[in-house]
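Heads up, the thing below is written out as structure tokens.
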């Protein structure tokens, strides 16, 4: 936290101080281990101590406790600490998710999860799916806002093409969207939710105090808790809007190492990669030649060579533009080895996972044609586009 700045007070703190901020007598909390208080105790315990009438908990991808890996969750259960039933929302949507909410017996949904400001991070789409359910059930939905840990000024990447909607992107927002989860909820509720549910949800946002758009997670005065099992540090969150795209390739994105999304490589990469990337002179970043052996996921137990992404200036670092330059370099250096990850489900509407991550097939087609993919980015320089320039003036931003 910078000297002399005010600590950010989250939405859940404000609710604990004043439980009357939220209506309802039977509240269900959508959360996981990231829903911590400033002293690192859980939001569940704090809300119960404040007299907030919680009757159920809902867990997203990775589960309530965060013990599950990517693409997995924990089963329905009871939380032994609070005594509350736990309902698993991951991979539930539509009528299936609506039935789960009805079965829980709640009359109001609360949402308190730590987002990281990236479109293909699934927590916000759990929120989206539950907003749809809340709208259909005419049930209040309350977002307890938290900071965007990678700041609220920079916006990068194209809007998602609705034809490529999936659980890593339900609605047209950029890859790095620049909003808090509360701001994003307002935007989605005014644009996408009415199209999906026939009307907007009865949304309320318990806003933060003391947060500045220019602040990163380490400038809020709040503790860092890894938002999911493969985002261990703020550095991994900062690179993720770009290097998360490598999940759609046959390169390791560093899962199974202690530096996921900072380490990128494959058995076919050689010593040429790091010098070639450094010669590009990309702002705010340097690349270190690195060799690593993932313990699980792609190339588990096999030695990979590649690079570690080192951020030297996070204000000028543009994660999406950097990742596109990396992809282009890899496609050029290793044309016979570089490849795309194909969806495991052969019946998938879009078989290439990169198309879902990018939000269209333009990135894959551009790279396969040997062209520079940075031409796909909007002309606005990273760090200068305000979130409302893509989201619309209806989104109420913090000042």
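For the chain, take the longest principal axis of its alpha carbons; what is the angle in degrees between that and the long axis of helix 319-333, to the nearest 10 within 0 to 90?
Around 30 degrees separate the two axes.
What angle do you read, to the nearest 10 degrees and between 0 and 90, between the alpha-carbon axis of helix 234-243 and the longest principal axis of the chain?
Around 60 degrees separate the two axes.
For residue 65 and residue 102, what does the FRET efficiency come to when R0 = 22 Å and r is the distance between their Cβ atoms, rounded to the nearest 0.05?
Working: r = 25 Å, r/R0 = 1.13.
Rounded to the nearest 0.05, the efficiency is 0.30.
222 nm [θ] for the chain, helices only, -39500 (n - 2.57) per DSSP H run of 4+, per residue, to 500? Numbers along the way, then the final one.
Working: 12 runs with 104 residues, N = 399.
My calculation for the chain gives -7000 deg cm²/dmol from helical runs alone.
With the crude spin-label approximation of a point 7 Å out along Cα→Cβ, what separation in nm comes out for residue 209 versus residue 272?
5.9
Specify the angular offset, from 0 to 90 degrees and rounded to the nearest 10, of the alpha carbon long axis of helix 94-104 from the longest principal axis of the alpha carbons in the chain.
40
Quick one, can you get me the convex hull of the C-alpha atoms of region 234-368 expressed as volume per residue in Å³? Don't skip to the answer; put the middle values down first.
On the way: hull volume 14.3 nm³, N = 135.
About 106 Å³ per residue, rounded to a whole number.
Note the full-extension length gain between residue 296 and residue 337 as 0.36 nm times their separation in residues minus their Cα-Cα distance, in nm to one decimal.
Numbers: separation 41, 0.36 × 41 = 14.76 nm, distance 2.10 nm.
Net length gain for the segment: 12.7 nm.
Would you kindly state how much longer the chain becomes between residue 250 and residue 218 on full extension, computed as 0.36 nm times their sequence separation minus their alpha carbon distance, in nm to one decimal? Spell out each step's value before the answer.
Working: separation 32, 0.36 × 32 = 11.52 nm, distance 3.30 nm.
Gain on stretching residue 250 to residue 218: 8.2 nm.
So how much slack lies between residue 368 and residue 190, counting 0.36 nm per residue of separation and subtracting their Cα-Cα distance, in nm?
Values: separation 178, 0.36 × 178 = 64.08 nm, distance 3.72 nm.
Length difference between fully extended and current span is 60.4 nm.
Counting only the backbone N, which residues of region 89-123 are under 19 Å from the spot 7 Å out from the Cα of residue 226 toward its beta-carbon?
Output list for this probe position: 113-118, 121-123.
Given labels modelled 7 Å from the Cα in the Cβ direction, how far is it in nm from residue 77 to residue 199?
3.8
If the label point is 7 Å along Cα→Cβ of residue 18, which residues in region 169-212 have backbone nitrogen under 18 Å from it?
Counting only backbone N, you get 204-211.
Mean-square fluctuation check for the chain, GNM, Cα pairs under 10 Å: which of 336, 129, 107 is largest?
Highest fluctuation among the options: 336.
Laboratory data are not the source of any read-out in this text; all were calculated from the coordinates shown. Predicted, not measured: the structure shown is a model, and the values here were computed from it. Reconstructed Cβ throughout: ideal geometry from the backbone, glycine too, with neighbour counts over all protein chains shown.
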